[in-house]
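The values are calculated or read from the model by the stated rules, or taken from the named source; none is laboratory data. Please read these numbers as outputs of a predicted model, since none were measured by experiment. Heads up, the Cβs are rebuilt from the backbone with ideal geometry, glycines too, and the neighbour counts pull from every protein chain shown. Protein only, heavy atoms only, side chains kept; ligands, DNA and RNA dropped before computing areas. Shrake-Rupley method; radii C 1.70, N 1.55, O 1.52, S 1.80 Å.
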Amino acid sequence: MTTPHNIESVLKENRVFPPSEAFSQQAHIKSLDEYKALYKKSIDEPEVFWAEQAEAVHWFKKWDKVLDWNLPDAKWFINATTNASYNCLDRHLTGPRRNKAALIWEGEPGDSATLTYQQLHREVCIMANVLKKYGITKGDRVIIYMPMIPEAAVAMLACARIGAPHSVVFGGFGAEALKERINDSGAKVMITADGGFRRGKIVQLKPNADTAAEGTPALEKVLVVQRTKQDVSMKEGRDFWWHDERKTVSDKCEAEQLDSEHPLYILYTSGSTGKPKGIQHTTGGYLVGTTLTTKYVFDLKDEDIYFCTADIGWVTGHSYVVYGVLSNGGTSLMYEGAPDTPNPDRWWDIIAKYKVNILYTAPTAVRAFIKWGDDWPKKHDLSSLRLLGSVGEPINPEAWMWYYNVIGGGRCPIVDTWWQTETGAHMITPLPGATPLKPGSGSLPFFGVDAAIVDDDGKEVPANAGGKLVIRKPWPSMLRTIYKDHDRFVNTYWSEVPGVYLAGDGARRDEDGYFWIVGRIDDVLNVAGHRLGTSEVESALVSHPAVAEAAAVGRPDELKGQALVVFITLKVGVPPTDALKKELRDHVAREIGPIARPDDIRFAEGLPKTRSGKIMRRILKDIAAGAQVKGDVTTMEDLNVVAKLSASSGDE
Ligand code: WTA
């Protein structure tokens, strides 16, 4: 490569929030020194460190060797046997936790349910036996296409119990996406529901499943949970109701003793091009990673009620609604529906109702709440909260401040956790009793994570210089392959910079060693020779009181290479005037510098987003360039947004 690819990082953020003494004293990791000592050990003597930490997981048989590393193939806890379902359930049944709430669930219409560990264990055993009845054995893949109801977690744990790798397909996906995933995984059984509730409407899961099943020759059986009670068609010999099937099997099912490297699940995630990648995780290493991060990053205690708002269709729902929380014996609160149904205070209502202590959500949600206004959270008693978390995108410092003050009452640390479907567990994150927080930074690497910023030649760059984020050592919860496509695994993650894992994110590391994620490498802009991260421009805009949300993209420009186009949604009640456009341009120029002054500002009612809330900049790029929107939009939340944006564009 000949052109220099240094990424300029221009965000200036000087605020620092050290942990309060009260928080540190009660935390699992109590000081920065304690973190540093453990971190050093994890890097200098990884096998000793991980052997000690792996005691947090139950093993039927211990390992002969901790790590087998043959770049890029890692095996962890060689010849050990364990089971994720056993770790999440059975081992809590011998003491007082057996009567503790494992899952607290609230449905969108206002119904609710609580399952103790004992009850959840029974449900899981019954569903595992139904799967066995369908001929599912160790290694067979099972598709889970469910709303956010307790049976979704039951289904995952039932698969894990018998060693059948699950592949959860997000309930917001349609028939095509579902079909593709069923076929790629070769699943014989699908677990679904008649439907689910979202924004007061029924999500048509069973009709989608029916359409998908027409094109999936390997699929034999469909187990259907009744949730909405709407009329659905049930195909004779293929489709069965869970409430009928559960009566036909025993409620006892031993957990299989599985090899540590046995695949626990495949989760499809979109790449920048081509078909989705089936990210494959294993049992032992994944459990160690999710168990430890849940304990240390969320500082989880037995008495906590923990609410992660992610859907189980995403990796966050896997690692931090189900596996990590239950394996620690924690209480996981699941909510079925939308945050603004019936009103934009539904989450705050839930937090007050159940006295939630830990809230883990995404910046896109935080920005939506900012837009809806402070009055909604202020109507509720949020004083039970003691810790907040963020995941999915860089959190804009102003959104961070709002989250900290308005939701956290200035009292709760925010753990801004950087990680990926591929990494399985948190990688760069504060530890809340130890790490001084800087709004917008994921701060420091978790134990065992050897993260670095490198240039195009793979050389580490000096402090504050931008570059590519890489991980230089294997870690237990890392993906092992892309299902049925090991070459793509090697090419995507291990080839661009030889010898290390390429995360695909641009980042910089400041003089204190804190990591600042600038955005995906392919979102990096090049304006007049300056490489700018989209998130920095967006953060500058979101810091303006009129702006709710902003997305920055490049448009080809003869003079500058790329011109900077930003799409903005304004806070409710702010009129979209030309004067405001000028003011916002000047604001960015003031905040970041004249090179970042947007060339074009477009006001929009909404931005195109994936269903997990990431802004689809690829689509905005097409709109900014005045081109037809191309490519796959099946993951988009609201297709109307594009039509509206295209219609309103080009006013300058
Ligand atoms: C982005 C979600 C900045 C990043 C767990 C990463 C983040 C991608 C953060 C993975 C964060 C996630 N700060 N960026 N705290 N968390 N990202 O696979 O670009 O859905 O590569 O996993 O989200 O998204 P994924």
Task: Separation between Cα centres of the range 497-567 and the range 279-314, rounded to whole Å - done: 29 Å
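What number, in percent, do you get for the relative contact order of the range 1-156 if the mean sequence gap of Cα pairs under 8 Å and at least 6 apart is divided by its residue count? Show your work: numbers first, answer last.
Numbers: 111 pairs, mean separation 17.2, N = 156.
Reported as a whole number, the value is 11 percent.
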Open item on the list: Amide H of residue 415 versus every other amide H placed in the peptide plane: which residues, excluding those fewer than 5 positions away on the same chain, fall under 5 Å?
Closed with: 388, 389, 390
Task: residue 61 - accessible surface, heavy atoms, 1.4 Å probe, Å² rounded to 10 - done: 100 Å²
- [ ] Can you tell me the relative contact order of the chain? Whole percent, Cα pairs under 8 Å, sequence separation 6 or more.
- [x] 14 percent
Open item on the list: Could you order the peptides 431-439, 234-242 from most to least packed, using the average number of other C-beta atoms within 10 Å per residue?
Closed with: 431-439, 234-242
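So what is the accessible area of the range 127-198 per residue, in Å², with the probe set to 1.4 Å?
Values: 1440 Å² over 72 residues.
Heavy-atom SASA per residue in the range 127-198 reads 20 Å².
If I stretch the segment between residue 250 and residue 355 completely, what's the gain in nm (0.36 nm per residue apart, minus their alpha carbon distance), one decimal? Show your work: numbers first, answer last.
Numbers: separation 105, 0.36 × 105 = 37.80 nm, distance 3.62 nm.
Residue separation times 0.36 nm, minus the Cα-Cα distance, leaves 34.2 nm.
May I ask you to work out the translational diffusion coefficient for the range 89-153 at 10 °C, viscosity 1.306 mPa s, via Stokes-Einstein with Rh from the Kirkwood sum over Cα pairs, reported in whole µm²/s? All intermediate terms of the calculation are to be shown ahead of the outcome.
Working: Rh = 13.4 Å.
Roughly 119 µm²/s, to the nearest whole number.
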Open item on the list: With N set to the number of residues, divide the alpha-carbon radius of gyration of the range 151-254 by 2.2 N^0.38 Å and report two decimals.
Closed with: 1.05
Task: Kirkwood hydrodynamic radius over Cα pairs of the chain, then Stokes diffusion coefficient at 4 °C and 1.567 mPa s, in µm²/s - done: 51 µm²/s
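Out of the total accessible area of the range 1-128 (probe 1.4 Å, heavy atoms of protein only), what percent is carbon and sulfur?
So the carbon and sulfur contribution to the accessible surface is 52 percent.
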Open item on the list: Using a Debye calculation, one point per C-alpha and no hydration shell, please list log10 I(q)/I(0) for the range 318-432 at q = 0.13, 0.21, 0.23 Å⁻¹ in order.
Closed with: -0.49, -1.35, -1.57
Open item on the list: In whole percent, and with a 1.4 Å probe on the protein chains, what portion of the accessible area of the range 163-225 is carbon and sulfur?
Closed with: 52 percent
- [ ] Pull out the extension gain between residue 257 and residue 574, defined as 0.36 nm times the separation in residues minus the alpha carbon to alpha carbon distance; nm, one decimal.
- [x] 108.2 nm
Open item on the list: Taking just the alpha-carbon atoms of the range 83-193, what radius of gyration and Dmax come out, in angstrom?
Closed with: 14.6, 46
Task: aspartates and glutamates whose Cα lies under 12 Å from that of residue 484, excluding same-chain neighbours fewer than 8 positions away - done: 184
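Using 0.36 nm times the number of residues separating residue 36 and residue 61, minus their current alpha carbon distance, what extension gain do you get?
Values: separation 25, 0.36 × 25 = 9.00 nm, distance 3.13 nm.
Between residue 36 and residue 61, full extension yields an extra 5.9 nm.
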TODO: Calculate the spin-label point distance for residue 383 paired with residue 644, positioning each point 7 Å from the Cα along the beta-carbon direction, and give it in nanometres.
DONE: 3.9 nm
TODO: Check cross-link reach from residue 65 to the lysines: straight Cα distance under 19 Å, and skip same-chain residues fewer than eight apart.
DONE: 41, 75, 473
Open item on the list: Looking only at Cβ-Cβ distances, which cysteines of the chain have no other cysteine closer than 4.7 Å?
Closed with: 88, 159, 308, 412
- [ ] Compute the distance in nm between two label points, each set 7 Å from the Cα along the Cα-to-Cβ direction, one at residue 627 and one at residue 25.
- [x] 6.0 nm
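So what is the calculated 222 nm ellipticity per residue for the chain, using -39500 (n - 2.57) for each DSSP H run with n of 4 or more, over all residues, to the nearest 500 deg cm²/dmol? Can you show the working numbers first?
Numbers: 20 runs with 182 residues, N = 652.
The helix-only estimate for the chain comes to -8000 deg cm²/dmol at 222 nm.
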- [ ] Could you tell me, in Å, what Rg and Dmax come out for the Cα atoms of the range 535-599?
- [x] 11.5, 37
- [ ] Output the Cα-based Rg and Dmax of the range 463-508 in Å, rounding Rg to one decimal and Dmax to a whole number.
- [x] 11.8, 39
- [ ] In whole angstrom, note down how far apart the Cα centers of the range 406-449 and the range 364-379 are.
- [x] 22 Å
